[in-house]
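Before any comments, here is the structure.
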Amino acid sequence: MLGVGALWFNSNQDTISHQIAVDQQRAITLQTYLDRMSDLLLTRNLHESKPGAEVREVARVETLAVLQQLDPERKGVLVRFLYEADLINIDTGHVVVSLSGADLSGADLNSAILSGADLNSAILSGANLNSAVLSDADLSRADLSDADLSGAVLSDAKLVGAKLVGAKLVGAKLSGALLSGADLTGADLRGAKVTSEQLAKTRSIHHTIIPNGSTHP
């Protein structure tokens, strides 16, 4: 029994050590990325660069690569950094770093302010967007399956062709949002601010809980 206990203890310690090492590596990866982006902003004029400029391509490639290596919390930190640096905001007149198709699955963006953000075709499945402000954001063709958008502000957001299967949209504000072709199968829209006209333009609301609490066939 002592031998079995020792083997279990050693295995458990190895697992904990591995988790700590992975977390430390992710922390280093994120900090290195933030330092790199700060350098591109300060010394290579990333923010003022023109569409097609090499510095933009470098920033996008590095951003997409780093996102695949991060945990949900650090993905959230990265996206907030890009937004606050005015690099992904549509309403600034130009998008410097495109997050089209970016892997933001599971990202922790709880209460994030991302008005006008460019998240076209981004993968946000399982993301925590509870109470996030995404008014005027471009989420066209984004994958938001099983994402938590409870209380999120999506006023005038573009959700054309978005995948919202199983998404939680309880109390979400969708006034003026474009839902043409969006898949809301199994989504929870209890208390959401959305019109029947908007829902009529979706691809599917099969088994969706509509704002009044009833379930659509």
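Every number in this text was worked out from the coordinates using simple rules, so none of it is lab data. This is a predicted model, so every value here is computed, not measured. Neighbour counts run over all protein chains shown; Cβ positions are idealised from the backbone, glycine included.
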Using 7 Å Cα-to-Cβ label points, what is the Leu42/Asp71 separation (nm, one decimal)?
-> 2.8 nm
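Based on the mean of other beta carbon atoms within 10 Å per residue, what is the order of 61-73, 98-110, most packed first?
98-110, 61-73
List the DSSP H helices in the chain whose Cα atoms stretch 15 Å or more along the helix axis and whose mean Kyte-Doolittle hydropathy is at least 0.5.
Sorted by number, the helices that extend far enough and score high enough are 54-67.
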Using the Karplus equation 6.51 cos²θ - 1.76 cosθ + 1.60 (θ = phi - 60°), what ³J(HN,Hα) coupling, rounded to whole Hz, does each residue of segment 198-206 give in order, writing x for Gly and Pro?
-> 5, 5, 5, 8, 6, 6, 7, 10, 5
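Can you tell me the relative contact order of the chain? Whole percent, Cα pairs under 8 Å, sequence separation 6 or more.
Numbers: 515 pairs, mean separation 21.8, N = 217.
Here the relative contact order equals 10 percent.
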If you count, for each residue, the other Cβ atoms within 10 Å and average over each peptide, how do 176-189, 39-52 line up from highest to lowest?
-> 176-189, 39-52
Given that compact globular proteins tend to follow 2.2 N^0.38 Å, what is the ratio of the alpha-carbon Rg of the chain to that value?
-> 1.18
Antiparallel content of DSSP bridges confined to the chain, in %, to 5 | 10 percent
For segment 172-217 and segment 36-96, write down the distance between their C-alpha centroids in whole Å.
-> 33 Å
